[in-house]
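I have placed the structure first, in the form of structure tokens, so that the comments after it can refer back to it.
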Amino acid sequence: MSAFVRLVLHKNTLLPAVLVLGALVFYRSLGNPMNDDAAKPFFVLIPESAWKKLFYSIAGGCFCCLLDLIPALIFCTVFLKAHPAEALAWVPVLVSVDFYATSARTFLDLSLPESLSKNIRQTLLILFLYFGLLPDIAVI
């Protein structure tokens, strides 16, 4: 996207690249790394409260997302010759997309009974995710 914006459109705006990165973060978080952690047998054996385990699991997922975003944002900023403060301003928005998508998915997986059909579960997930991300969309 950065090459297209710079070489074809002859612009230096970071917004199209951020939108693509936001979409990648969103779809990456649908894999729900928190459920992967909770599904491991040793997760139950950790002698801490459930809140601490969930906090560190989601913090680790957000940190991994941040580590994935940093090289892409540095490349886009350098390639587009954008201001570094603009790239730093987008980091909390992109990480919040990952945080919300992971949290909403975990909440629905833990609160909905297994007896619900898969279609109803997916419909509720889509409603929670898309309507819950409206504040991020408003910021963008």
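A few notes on this one:
- Residue ranking by accessible heavy-atom surface, 1.4 Å probe, largest first, among I137, I58 comes out as I137, I58.
- Here volume of the Cα convex hull per residue in Å³ was calculated from the structure, and among (1) 124; (2) 113; (3) 154 it sits at label (1).
- Note on the chain: with neighbouring protein chains present and a 1.4 Å probe, carbon and sulfur make up 74 percent of its accessible heavy-atom surface.
- Most positive-pole-ward Cα, F55, L69, A87, against dipole of region 50-121 from beta carbon charges: F55
- Here the Karplus relation 6.51 cos²θ - 1.76 cosθ + 1.60, evaluated at θ = phi - 60°, turns the backbone of region 14-25 into coupling constants of 8, 4, x, 5, 5, 5, 5, 5, x, 5, 5, 5 Hz, with x for every Gly and Pro.
- A 1.4 Å probe run over the protein chains yields, for region 1-138, 63 Å² of accessible area per residue, whole-number rounding.
- Sequence-ordered 3J(HN,Hα) estimates for region 67-79 from the Karplus curve with 6.51, -1.76 and 1.60 and θ = phi - 60° stand at 5, 6, 7, 4, x, 5, 5, 5, 4, 4, 5, 5, 5 Hz, glycine and proline given as x.
- Phi to ³J(HN,Hα) by Karplus 6.51 cos²θ - 1.76 cosθ + 1.60 over region 39-49, Hz, x for Gly, Pro: 7, 6, x, 6, 4, 6, 7, 5, x, 9, 6
The values are calculated or read from the model by the stated rules, or taken from the named source; none is laboratory data. All values derive from a computational prediction rather than experimental measurement. With ideal geometry, Cβ positions are generated from the backbone for all residues, glycine too; neighbour counts draw on all protein chains shown. Surface accessibility is based on the protein's heavy atoms, side chains included, excluding ligands, DNA and RNA. Shrake-Rupley method; radii C 1.70, N 1.55, O 1.52, S 1.80 Å.
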